[in-house]
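I have placed the structure first, in the form of structure tokens, so that the comments after it can refer back to it.
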Amino acid sequence: MRRDGSAPEFLGLVADPLRWRLLCALGRSDRQVRELVGLVGHPQSLVSYHLGRLRAAGLVSMRRSSADRRDAYYRLELTVCGARLAEVGAALHPGLGLVGAGSAPAGGTVTSRRRRRVLFLCTGNSARSQMAEAFIEHRAPGRVEAHSAGSHPKELHPNAVRVMAERGIDISGRRTKHLGEFAHRRFDHVVSLCDRVREVCPEFPGDPETLHWSIADPSAAGATDDESYAAFERTATEIDWRVRFLLARIENPAKEKLG
């Protein structure tokens with residue numbers, strides 16, 4: 001409670017049932033507006049209005065699709081939400097502040113008896129999906145079976161190797177693979193990290209959970225070597241952050257109503 005006795009603004013913002021459903025949907029996967037409209041069953045104008053409110057509060061962000069610039073993907077800013085929840089708890093009682101709520105979970109604590117199988121996909125399998133595969137193996141060694149592939153594989157990008165090496169992870173010996181290699185394999189989760197590959201992603205047997213992370217291709221950024229490397233640094237940081245949240249979901253699967 002604030003000094004004037006009023007509740008934190010965050011509570012009023014997320015208390016709206018539609019905004020809460022939008023947040024829950026985006027907590028699982030990045031989405032386009034038309035997908036959110038289908039999930040929540042409300043007109044696009046209303047969904048867009050509430051997304052605008054959430055964006056203004058910093059709880060949701062948006063980026064243009066690299067597959068079609070007319071489309072946009074929305075994502076939930078989980079660390080911001082965690083920090084706001086911590087503030088609400090502390091406002092009610094100092095003992096209710098959430099330790100580390102503004103950071104991604106540590107990961108590496110998957111407790112399921114069966115190894116979960118995860119496939120990461122991007123276009124070239126030269127950077128983003130390779131990073132994700134390596135990060136999840138690093139954070140949950142022996143507890144998650146991870147693979148990566150691309151729709152149009154090309155050589156591993158040297159900056160991807162470099163930024164991962166600086167994090168203590170060697171991916172230099174990994175080969176790039178076509179997603180067709182895994183067409184008949186069963187996975188628990190299939191994660192696309194590229195807007196283009198999401199458009200051509202085949203259906204995999206066993207009805208895996210499909211997730212999308214709309215992450216820009218770092219190899220397309222920067223006119224100089226330093227700018228290019230900085231783009232790979234940002235991408236590696238984002239992917240590591242997302243992988244840690246994915247591991248938290250794998251460890252504690254939610255019974256979600258929204259698909």
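The values are calculated or read from the model by the stated rules, or taken from the named source; none is laboratory data. Since we're looking at a predicted model, the values are computed, not measured. Every residue, glycine as well, gets a Cβ built from its backbone with ideal geometry; the counts of neighbours run over all protein chains shown. For accessibility, only protein heavy atoms count, side chains too; no ligands or nucleic acids. Shrake-Rupley method; radii C 1.70, N 1.55, O 1.52, S 1.80 Å.
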Rounded to whole angstrom, the alpha-carbon centroid of the range 1-71 lies from that of the range 134-184 at a distance of 32 Å
Going toward the positive end of the dipole of the range 120-254, with +1 on Lys and Arg Cβ and -1 on Asp and Glu Cβ, which of Ala230, Ala146, Ser219 do you reach last? Ala146
The range 199-240 scanned against label point 7 Å out from His152 along Cα→C-beta; backbone N under 18 Å for 199-202, 215-221
Tabulate in residue order the Karplus-calculated ³J(HN,Hα) for the range 133-140, using 6.51 cos²θ - 1.76 cosθ + 1.60 with θ = phi - 60°, rounded to whole Hz; enter x for Gly and Pro. 4, 5, 5, 6, 5, 5, 8, 9
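Between beta-carbons, use under 12 Å as the cut-off and find the net charge around Asp207, counting Lys and Arg +1, Asp and Glu -1.
Net charge around Asp207: -2.
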Just want to confirm a number: the relative contact order over the chain, from Cα pairs under 8 angstrom separated by 6+ residues, in percent. 19 percent
For helix 78-92, report the angle its Cα long axis makes with the longest principal axis of the Cα atoms of the chain; keep it between 0 and 90° and round to the nearest 10°. 30 degrees
Over the heavy atoms of Lys154, what accessible area does a 1.4 Å probe trace out, to the nearest 10 Å²? 110 Å²
Enumerate the calculated ³J(HN,Hα) couplings along the range 193-209 in order (Karplus 6.51 cos²θ - 1.76 cosθ + 1.60, θ = phi - 60°), each rounded to whole Hz, writing x wherever the residue is Gly or Pro. 10, 9, 5, 5, 5, 4, 5, 10, 5, x, 7, 9, x, x, 6, x, 6
For Arg21, what accessible surface area do you get with a 1.4 Å probe? Give it in Å², rounded to 10. 90 Å²
Using only Cα atoms, find the angle between the long axis of helix 44-56 and the longest principal axis of the chain, and express it within 0 to 90 degrees, rounded to the nearest 10. 90 degrees
Taking the solvent-accessible surface of protein heavy atoms with a 1.4 Å probe, what is the per residue accessible area of the range 118-177 in Å²? 39 Å²
Please check the chain for the longest run free of GluC sites (Glu not before Pro) that are loop-located per DSSP (anything but H, G, I, E, B) and have at most 12 other Cβ atoms within 10 Å. 1-154
Could you give log10 I(q)/I(0) at q = 0.20, 0.29, 0.34 Å⁻¹ for the range 182-225, computed by the Debye formula over C-alpha point scatterers of equal weight, without solvent? -0.68, -1.06, -1.22
Hey, what's the Cα Rg ratio for the chain versus the globular rule of thumb, 2.2 N^0.38 Å? 1.05
Test of understanding: what is the full-extension gain from Ala56 to Arg115, defined as 0.36 nm times their sequence separation minus their Cα-Cα distance? 17.3 nm
Going by accessible area, probe 1.4 Å, with all protein chains left in place, what is the ranking of His50, His42, His157, largest first? His42, His157, His50
Sequence-distant or interchain residues sharing an amide H contact under 5 Å with His178, placed H: which? Gly150
What list of ³J(HN,Hα) couplings, whole Hz, do you get for the range 151-158 from phi and the Karplus terms 6.51, -1.76, 1.60, once you set θ to phi - 60° and write x for glycine and proline? 6, 9, x, 9, 4, 4, 6, x
Apply the a/c threshold of 1.5 to the C-alpha gyration tensor of the range 116-227 and tell me whether it is rounded, prolate or oblate. oblate
Select from Ser45, Ala15, Gly89 the residue farthest towards the positive end of the dipole of the range 1-97; place +1 on Cβ of Lys and Arg, -1 on Cβ of Asp and Glu, and compute about the Cα centre. Ser45
